[in-house]
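Each remark here refers to the structure printed beneath this line.
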Amino acid sequence: MIGSLASIGAGIAVLGAGIGVGYIGGKAMEGIARQPEATGDIRTNMLIMAALIEGAALIAIILSIFLANQVPA
């Protein structure tokens with residue numbers, strides 16, 4: 001039971017990260033289209049935020065795997 005709940009948690013983490021990175025990318029493209037001279041700054045901030053989201057998702061996946069391998073006492 002714990003393993004299947006952990007798998008669902010890992011899947012939700014991956015879905016959340018995908019949605020978040022897609023949202024950031026879309027908004028960055030809108031910002032670049034509105035203000036092309038700020039392309040470098042927008043791209044830099046987009047990459048930093050995408051890396052933070054991916055890091056949080058990776059931590060969630062690792063924690064779900066760790067919790068799935070715990071033996072109930």
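Read-outs throughout are calculated quantities, based only on the coordinates presented, and are distinct from any laboratory measurement. Since the structure is predicted, the reported quantities are computational estimates derived from the model, not experimental observations.
For the chain, state the average projected area of the convex hull of the C-alpha atoms over all orientations, rounded to one decimal in nm².
4.7 nm²
Nearest 10 degrees, 0 to 90: what angle lies between the long axis of helix 39-68 and the longest principal axis of the chain (Cα atoms)?
It works out to around 0 degrees.
Expressed as an acute angle from 0 to 90° and rounded to the nearest 10, what is the orientation of the C-alpha long axis of helix 2-34 relative to the principal long axis of the chain?
0 degrees
If each residue of separation counts as 0.36 nm, what is the full-extension length gain between ALA51 and GLU37 once their alpha-carbon separation is subtracted?
2.7 nm
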